[in-house]
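Student: Please read through the structure below; I'll follow up with questions.
The values are calculated or read from the model by the stated rules, or taken from the named source; none is laboratory data. Please read all numbers here as calculations on a predicted model, not as lab measurements. Cβ atoms come from the backbone with ideal geometry, glycine included; neighbour counts cover every protein chain shown. Surface areas here come from the heavy atoms of the whole protein model, side chains and all, with no ligands, DNA or RNA. Shrake-Rupley method; radii C 1.70, N 1.55, O 1.52, S 1.80 Å.
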Amino acid sequence: MAITTTDHSDKDPEIVTGTVERIVFRNEETGFTICAIQPARQAPEIVVAGICGAVWLGELLKAEGHWIQHPRFGSQFDAGSITCVAPLDPAGIEKYLGSGLIPGIGKVMAQRLVKRFGTDTLRIIDKESARLREVEGIGEKRREEIRRSWNEQRAVRDIMIFLQSHSVGIAQAHRIYKQYGDQAIAMVQANPYRLSRDVWGIGFKSADKIASTLGIPFDSPLRARAGVIHVLETLNEEGDCYTPRPDLIEAAEALLGIAKEKLEQAVTDETAAGNLVEEKGHLYLAAMYEAEKGVAFHIRRLLKTPAVLADPPDAVLARAEQRMGIAFAPGQRDALRMALMNKVSIITGGPGVGKTTMVKALVDAFQSRRMAVFLAAPTGRAAKRLEESTGREAKTLHRLLKFNPSKRQFEYGPEQPLPADVLILDETSMIDIVLMHHVLKALPSKTWLVLVGDVDQLPSVGPGNVLRDLIDSRAVPCARLDTIFRQGENSWIVLNAHHVNQGEGLELPPREKGLSDFYFIEHEEPEDIIRSLVSLMTDRIPTRFKLNPRSDVQVLTPMRKNQLGSENLNRILQDALNPTGPDIERFGRRYRAGDRVIQIRNNYDKNVFNGDIGLIRSIDVEKQIVGVDFDGTLVTYETRELDELDLAYACSIHKAQGSEYQAVVILLATQHFKLLQRNLLYTAITRGKKLVCLVGSRKAVYIAIKNNRMTQRRTGLQERLTGRL
């Protein structure tokens, strides 16, 4: 929000004080706040703008700065510093406690507390919390929740004051406190760079800013070593497993402005400390190196074990055909025979080519030999889809391997192998190198491993390109299915997915044939695309196809930011599809009962994972608690945890990997130019089960289809599998 400022360098700062009446705007990441304060009874409100660590309704605010004239909002106070303290009068205390400061105290409970204890309320909560049970509605459990929350918010506030000048928001402060407890400030002062490693949501740049103000020299070894690690971590996030040493030094020099000699020393020091591994001039983070080596080792280990079935594969398949009541096509029969004859195998192919039939047949064939068959996929939605299509239980990989939140490790591993004779993994293209390593090292040598997936989709969000590397290495037997079977012959979705994958233009159904499952709605301007999207979601899709836009339809877009990014689209779609009802506003987002939401980080304590999509079932404004239904499991969030949830009416195409929806609406425009590529559009189209609506620019669609120049990820897996490393 732009503010007109004036040079006040020759003026002494002024001071204004008052009670916080309204919070007009708040950016939880930067701490920038615009609020209205009441300086005294009957006096007009003052609008104050500036950076503050935390601010709550009813607090006493003291601001030091200068008056300015905002071009749109008129006179307001531009604060260079803001200090807030707890209120003293009953009205302020009631507003303060009712603002959502403490989970368990809403507006009604705040009224009861102040009515009972008056100006002594905050002291009672702080020093004599046992007396809270004198208030109607507070039992021992709620009293303990209030006491705990009060102590935590006070500790967090101390952290906020310490971090205020570093533009660290309240969400990060809560996470710092949760990670380090009462030692948070001491830990940050000792080594602020550990924040970017230990605390989700705090990146290297934020940690670097804190380090600077703490007096750590810009060319200190501590900063150089942290910067080198950060560069490698960033490259991992972009998909690379390693980077050549000269490229790492060059990137670190551009980021840090530190001389190459000191960066070379930083790499040497981190290597000596065991945090980095150098191999033939390639630098890995130690964990990434172990994962890549481990995947190659365990693939070879499984392949070396004889694949012995009591009966010949053809006899097993003949009985499977009889039980399933089908006849396998030649390509399917070859793929199944390969999977039965090899301990590790890959089945790949696009939509409609019979991958699900292959999985069902393999389950039947292996189970007929009384073998323990496990099915799994990398995400909850992919596992659910696998379960629905096969009629057998399927688990996410985290649940299959039993992740233990308290130990932060999987229970199944080399010491306690997975009790599986056969493991069939679906959506393998989504599995990154680290997760694949965890899977493989948990498998005993007797296990058959069948990897199923579409190698032409986007690669994993995490580092590596495991499925493609396994196929390209030719170390693992692979069958590629390319015949579209009857279930796809009349599907324009399947037809166009294959057209795109082969670099061909879209084929649109004739209008006179009535309803179809694939549409292209052409618009050039973003405003027209958005208007068409809203019409589709509020009227055309629910009316013509009888689909619920909040549960059955997923909007897909290439990116998060900009006018056609998921962040802006979610605000627009929330207003259009779910405009009223109980809500809570936190972290720049409004959460409302009925909203579709997505988990944006792994939370092992709650057993929900990055990419899981749910529906907000309840908003308890009084207790400041949000209840989210994830596929039948209700998970509760306190307001301070809501930064883990984002609205999910729209999401990026990467986020939709492994999921299938009744209908998808795909937005594609020339403003997405940097991301327009064939596998992105192909992945988006293949997410739709009954309906795909592509809305946007014909030129953008053409660019995406013709651009098959995929960025090559730096991985060594292929070389390790072929013995070149």
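Student: Looking only at helices (runs of 4 or more DSSP H) that fall completely inside region 61-160, which ones have 2 or more residues that are over 19 Å from residue 33 (Cβ atoms) and out of contact with any Asp or Glu (no Cβ under 9 Å at 6 or more places or on another chain)?
Tutor: 90-96, 121-127
Student: Then there is this: Take residue 657 and tell me if it is open to solvent by less than 10 Å² (accessible area, probe 1.4 Å), polar (S, T, N, Q) and not in a helix (DSSP H, G or I).
Tutor: yes
Student: Here is a follow-up. Any residue in region 97-118 that is closer than 14 Å to residue 623 by Cβ sitting within a Cβ distance under 6 Å of a residue that is open to solvent by less than 10 Å² (accessible area, probe 1.4 Å) and of a type in the set (Gly, Ala, Ser)? List the pairs, counting only those 6 or more apart or interchain.
Tutor: Qualifying pairs under 6 Å: 97/110; 98/110; 102/149; 103/149.
Student: Looking at residue 561 and the list (1) part of a loop (DSSP other than H, G, I, E, B); (2) touching a residue at least 12 places away in the same chain (Cβ under 8 Å), which single condition is not satisfied?
Tutor: (2)
Student: Working only within region 621-654, note down all residues that are in contact (Cβ under 8 Å) with a residue 60 or more places away in the chain and assigned to a strand (DSSP E or B).
Tutor: 625, 630, 638, 646, 647, 650, 651, 652
Student: Of all residues in region 270-285, which are in contact with a strand residue (DSSP E or B) (Cβ under 7 Å, 6 or more places away or on another chain) and either exposed (fewer than 13 other Cβ atoms within 10 Å of the Cβ) or over 22 Å from residue 716 (Cβ atoms) (or both)?
Tutor: 281
Student: Consider region 516-545. How many of its residues are more than 19 Å from residue 687 (Cα to Cα) and either in contact with a helix residue (DSSP H, G or I) (Cβ under 7 Å, 6 or more places away or on another chain) or in a loop (DSSP other than H, G, I, E, B) (or both)?
Tutor: 8
Student: Among what's in region 444-466 and is surrounded by fewer than 23 Cβ atoms within 10 Å (Cβ to Cβ) and among the aliphatic types (A, V, I, L, M), pick the residue that is nearest to residue 242 (Cα to Cα).
Tutor: 461
Student: Among the residues of region 331-352, is any farther than 19 Å from residue 478 by Cα and in a loop (DSSP other than H, G, I, E, B)?
Tutor: Taking every residue of region 331-352 in turn, none turns out to be farther than 19 Å from residue 478 by Cα and in a loop (DSSP other than H, G, I, E, B).
Student: Regarding residue 597, is this residue among the hydrophobic types (A, V, I, L, M, F, W, C) and open to solvent by less than 20 Å² (accessible area, probe 1.4 Å)?
Tutor: yes
Student: Which members of region 94-121 meet the condition of being among the aliphatic types (A, V, I, L, M) and open to solvent by 20 Å² or more (accessible area, probe 1.4 Å)?
Tutor: 108
Student: Within region 255-269, which residues are in a helix (DSSP H, G or I), small (Gly, Ala, Ser) and surrounded by fewer than 15 Cβ atoms within 10 Å (Cβ to Cβ)?
Tutor: Across region 255-269, there are no qualifying residues.
Student: Give me the residue from region 546-559 that is touching a strand residue (DSSP E or B) at 6+ places or on another chain (Cβ under 6 Å) and not β-branched (Val, Ile, Thr) and, out of that set, most open to solvent (accessible area, probe 1.4 Å).
Tutor: Filtering region 546-559 for residues that are touching a strand residue (DSSP E or B) at 6+ places or on another chain (Cβ under 6 Å) and not β-branched (Val, Ile, Thr), the one most open to solvent (accessible area, probe 1.4 Å) comes out as 550.
Student: Pick out the one residue from 224, 310 that is surrounded by 15 or more Cβ atoms within 10 Å (Cβ to Cβ), among the small types (Gly, Ala, Ser) and either under 21 Å from residue 421 (Cα atoms) or modelled with pLDDT of 95 or more (or both).
Tutor: Answer to the check: 224.
Student: Residue by residue through region 37-91, note down the ones that are of a type in the set (Phe, Trp, Tyr) and touching a helix residue (DSSP H, G or I) at 6+ places or on another chain (Cβ under 8 Å).
Tutor: 56
Student: On to the next question. When region 666-699 is examined, which residues are found to be surrounded by fewer than 21 Cβ atoms within 10 Å (Cβ to Cβ) and part of a helix (DSSP H, G or I)?
Tutor: Once the filter is applied, which keeps residues that are surrounded by fewer than 21 Cβ atoms within 10 Å (Cβ to Cβ) and part of a helix (DSSP H, G or I), region 666-699 yields 670, 671, 673, 674, 675, 678, 698, 699.
Student: Which one is nearest to residue 711 (Cα to Cα), of the residues in region 227-254 that are open to solvent by less than 20 Å² (accessible area, probe 1.4 Å) and part of a helix (DSSP H, G or I)?
Tutor: So, considering only residues that are open to solvent by less than 20 Å² (accessible area, probe 1.4 Å) and part of a helix (DSSP H, G or I), the one nearest to residue 711 (Cα to Cα) is 236.
Student: Can you pull out the helices (runs of 4 or more DSSP H) entirely within region 382-494 that have at least 1 residues that are of a type in the set (A, V, I, L, M, F, W, C)?
Tutor: 397-400, 433-441, 466-473
Student: Give the residues of region 611-627 that are open to solvent by less than 20 Å² (accessible area, probe 1.4 Å) and among the hydrophobic types (A, V, I, L, M, F, W, C), sorted by residue number.
Tutor: Answer for region 611-627, where residues must be open to solvent by less than 20 Å² (accessible area, probe 1.4 Å) and among the hydrophobic types (A, V, I, L, M, F, W, C): 613, 616, 626.
Student: Okay, moving on. Please determine whether any residue of region 92-107 is among the aliphatic types (A, V, I, L, M) and over 40 Å from the mean Cα position of the chain (by Cα).
Tutor: Scanning region 92-107, I find no residue that is among the aliphatic types (A, V, I, L, M) and over 40 Å from the mean Cα position of the chain (by Cα), so the answer is no.
Student: Here's a check for you: in region 286-307, which residue that is under 19 Å from residue 473 (Cα atoms) and in contact with a helix residue (DSSP H, G or I) (Cβ under 7 Å, 6 or more places away or on another chain) is surrounded by the most Cβ atoms within 10 Å (Cβ to Cβ)?
Tutor: 292
Student: Could you tell me which numbered condition residue 590 fails, if it satisfies all but one of (1) within 29 Å of residue 491 (Cα to Cα); (2) surrounded by fewer than 18 Cβ atoms within 10 Å (Cβ to Cβ); (3) among the basic types (Lys, Arg)?
Tutor: (1)
Student: Tally the residues that are over 18 Å from the mean Cα position of the chain (by Cα) and crowded, with 24+ Cβ neighbours inside 10 Å, restricting the search to region 560-569.
Tutor: 0
Student: What residue, among those in region 315-329 that are part of a loop (DSSP other than H, G, I, E, B) and open to solvent by less than 30 Å² (accessible area, probe 1.4 Å), is farthest from residue 358 (Cα to Cα)?
Tutor: Filtering region 315-329 for residues that are part of a loop (DSSP other than H, G, I, E, B) and open to solvent by less than 30 Å² (accessible area, probe 1.4 Å), the one farthest from residue 358 (Cα to Cα) comes out as 329.
Student: Taking residue 212 as meeting all but one of (1) in a helix (DSSP H, G or I); (2) under 24 Å from the mean Cα position of the chain (by Cα), write down the number of the exception.
Tutor: (2)
Listed here are the residues, each with its yes/no results for (1) under 26 Å from residue 316 (Cβ atoms); (2) surrounded by fewer than 18 Cβ atoms within 10 Å (Cβ to Cβ); (3) not polar (S, T, N, Q).
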position: 366; (1), (2), (3): yes, no, yes
position: 372; (1), (2), (3): yes, yes, yes
position: 376; (1), (2), (3): yes, no, yes
position: 393; (1), (2), (3): yes, yes, yes
position: 398; (1), (2), (3): no, no, yes
position: 403; (1), (2), (3): no, no, yes
position: 424; (1), (2), (3): yes, no, yes
